[in-house]
Each structure stands twice: as C-alpha cells, then as structure tokens.
Amino acid sequence: MVSIIDYGTGNIFSLCNAVKRAGFDYAVTSDKDIITKSSHVILPGVGEASAVMKEIKKRGLDEVIKGLEIPVLGICIGMQVLCSYSEEGDTESLSVFPERVIKLRGDDIKIPHMGWNRVYSSGNLLFKGLDSGEWFYFVHSFAPEKGDSTISTTNYGVEFSSALNKENFYGTQFHPEKSGVAGERFLMNFLTMDTLK
Amino acid sequence: MVAKRIIPCLDVHEGETVKGVNFVNLRVMGDPVEMGRMYSQQGADELVYLDISATIQGRGTFLSLVRRVADTLNIPFTVGGGISTADDASRLLDSGADKISLNSAALKDPTLIEKVAARYGSQFVVVAIDAKLLDNSWRVMRNGGRLSAHRELFEWAKEAQSRGAGEILFTSMDHDGTKMGFAVDTLAKLCNQLSIPVIASGGAGNSEHFSELFKKSGADAALAASVFHEGTIPIPTLKRYLESCGVPVRIIN
C-alpha cells in the first residue's frame, strides 16, 4: 500500500485519484506505523514550506521520513521540504537532498511559473519510457538549485532542478498527477519501483 | 519556455455540455466528463467547466460533476459560474477543482478575490472578465453578459491582479460566437498592462486565428468552445499547425 502523507492542509484529491487510477491502494495518513510499513511513500504538493515543515514536526514525522528505506517521492512542496533549506519562509528543511530551494527569478518571467514546461532528464529510472524534453505541468514560485541530486532540469528564467534523486528518495517540482499521459507513466515508474533495496 | 496553452471550455447546464451564441440559444453538446477525457487524450492543456445552471438543483448536479471530472481527468481544470462566496470556492476545491474562476461576484465584492487568494493562493484564482466595446471604451459586463458592471476592462483587470488574481480570462463579447478571430489588439494591450497570465476567449474560427493571437498579443492561453465541440479544429491538428508557425506548444506523441 502507498502512504500519502497528511500535512493537514490543502487538496490532494488529484494525487489520490492518480494513484487510484494507476491501480494502487493508498492511505492518506500521518500514522508512523502505517507509513513505515507501506510499500511507497508520497509527500504531496500542497502548502507553503514553513507551514508544511511545522506540520511535519508537530506530527513527529521529521525523523520518520528521513529514516525511510522504501521509495519516497516528494511532489512540489513535498520535494522542497526534503531539501536542505527553502527561501520560502526562511525554512530549515529535512536535508535529505543537499540542494537549497530558492525563489524563481529572471527577466520578464511571470511568477508563479504555471503551465507546461519541458523536463530534460538523463536516464534515471523514474523517467523510463519518457523522452528527455517531455512536457510536465508546473505551478510554483520556488525551486531547488541544480546540484548533485539533480536528475532533470527545466528552464524558467533560470535553469533549476525539476527532479531530484538520492538513494531511495525522489522529488519532482512538477505535478505528475496533472501531467497527462507522461505524468501517468512517471507515477507508474515510481509506484512499481522495487521496495526492497 | 512555457507552452502556450489550448483550453477547451465546456459550458455546463443541468449536467450537460451546451453551447450558445452570444450567451443565448443553448444547444446540447454531450457529457462533460466524457468530453473532458477526450480533450485530454487529444492534447488539451487544461479545461474550463462553467456552470451556467440557473437552479439550485443544477448547482448540486454541478458539484457532483466536478468530483467525477476530478476522478477522470489527468490534466488541470478550472471551474466557474455562480461562485459567490469563499465557501463556494472551498467546496469546489474540496471536490477536486485545480482553480476557480470568479466573475460577477468579484465585481460585486472585489475583496472576494483577496479572501480566496489568501486562503488557497493566487494560482487557484482566475478572474473572468466579459467585456464589449461601447463608445470606444471596453465596458465590463456581468451576470452572463446581461448587465453592465459599470467598470472599464483595463482598470478592472489591473485591480483584480493587485487583489491577488493569478490569471485573467478575458472574453470579448463582440467576438464571442463570431468565429472571426480573437480581439488581438485589445489582448495585446491587456497583456502589456498585466504581469499575470492572460487567457484569451471569444472569436476562434480557424487555426490561423490562434497563431495570430499568440504571435501578436502575448496571450498565454487560448480558450474556445464550439470549434472544438463541433470538430472544426481538431486539437492535434491545431497544435501541429501552431508548432509549424513557431509557437511553443505541447505535442503528445
């Protein structure tokens, strides 16, 4: 079963539906036992960095998440809290990924970055069956810098990390649950990853 | 580079997709959920569902329809029509809508934009503006285009942006239903004056109209209904044409 972590905020309807359509059972939960016993864990993409970190700590999940040895996917804000720091709310985060999250900047760009943009990937298992340059759907104002965990990049004002991977932890700045057929393929790649490392 | 978005709009009346010309003479076009699924498969980038029901029962039907759309669709969708309070917006969010579109209620109480944006973020709030040219001035209309809002287009769009709108959906009522092309010059002026994305609506009749829109106006997205519902312009054909014109669009392989 897949655990979708409950931060107590926002709408995760579309993510739940996407997991359901992919044919997997899921629980929306902040229960440590359920989370640690699940096959895959998803940190959904709703909220603001400092508020989400506060909710994670309040539920005592910071160490639980960092200690997970099963595949973990953070989406949007769910990935950003797995990074080391976010400029949004000046937030110290979980530091699974060493990268920092900064506000998007650039000449003549509209913030938030909203809509379909190209994701240039290089062979990570998450992108199996997907072309480099495939379109995915984004809605965000902050993004991780490029670093050692970067497995795909996207250009918007600057080039940022649109996906990260370190060991069993993965993250995406885009929303696979809103990215059409490409997003379905991407989620399936994650959900069928071997749980035993 | 963000792709220019192509957005089919589905007007929903008592659970059915309908289409009228200049907001009158409604014709039934089909099941909104099935049409949404088909458009997504064809490469639509987003969908807009507008509730044009006039009755309480119609509104209830719409809410359950939004849940079914959210169950089915793998691309973002916006819902609008008859949203008059922040709680209406919450109910739609809880039913799975990605964005809501405010129109008459925001004209009546502009602080509604702030309330919804503060609760759920600007990316959740589209402000829809219907306007027509009267005596050389773009006048904003409300209640489905029936009444004057006593506001001017550019001034109202800028106010909506400053109050927290994440996007402006501008419909030229003079162009809507004519199939003679978008209000390109007005849209260019609007895009120039705003820092948030602009969705152009009203007047699409052929693929060249979309190309002209994107090349000349700076609009971020184009919304249309009948040319898609009637099959005049298949979305894959439109997107290949736009790509050949050098417009960045998302093509599904």
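The values are calculated or read from the model by the stated rules, or taken from the named source; none is laboratory data. If you're wondering where the values come from, they're calculated on a predicted model, not measured in any experiment. Cβ placement follows ideal geometry from the backbone for every residue including glycine, while neighbour counts extend to all protein chains displayed. Quick note on the areas: whole protein, heavy atoms, side chains included, nothing else; ligands and nucleic acids left out. Shrake-Rupley method; radii C 1.70, N 1.55, O 1.52, S 1.80 Å.
Some points to look at:
- Restricting attention to segment A:142-194, the residues that are open to solvent by less than 40 Å² (accessible area, probe 1.4 Å), more than 12 Å from every other protein chain (Cβ to nearest Cβ) and not aromatic (Phe, Trp, Tyr) add up to 20.
- Here the condition is being modelled with pLDDT of 95 or more and either closer than 29 Å to residue B:120 by Cβ or in contact with a His (Cβ under 7 Å, 6 or more places away or on another chain) (or both); of B:243, B:159, B:208, B:212, it holds for B:159 alone.
- Checking each residue in segment B:30-49 for being more than 14 Å from chain A (Cβ to nearest Cβ), out of contact with any His (no Cβ under 9 Å at 6 or more places or on another chain) and either surrounded by fewer than 22 Cβ atoms within 10 Å (Cβ to Cβ) or not hydrophobic (A, V, I, L, M, F, W, C) (or both) picks out B:31, B:32, B:34, B:49.
- Hits in segment B:76-85 (condition: farther than 20 Å from residue B:144 by Cα and free of Cβ contacts under 8 Å to residues at least 40 places away in the same chain): B:76
- Every listed requirement among (1) under 27 Å from residue B:53 (Cα atoms); (2) at pLDDT 95 or above; (3) of a type outside the set (Asp, Glu) is met by residue B:150 save one, (2).
- Residues that are farther than 30 Å from residue B:192 by Cβ and surrounded by 14 or more Cβ atoms within 10 Å (Cβ to Cβ) within segment A:96-124 comprise A:96, A:97, A:98, A:99, A:100, A:101, A:119, A:120, A:121, A:124, listed in sequence order.
- Test result for residue B:27, surrounded by fewer than 22 Cβ atoms within 10 Å (Cβ to Cβ), modelled with pLDDT under 95 and part of a strand (DSSP E or B): yes
- Residue within segment A:115-130 that is within 9 Å of another protein chain (Cβ to nearest Cβ) and assigned to a loop (DSSP other than H, G, I, E, B) present: no
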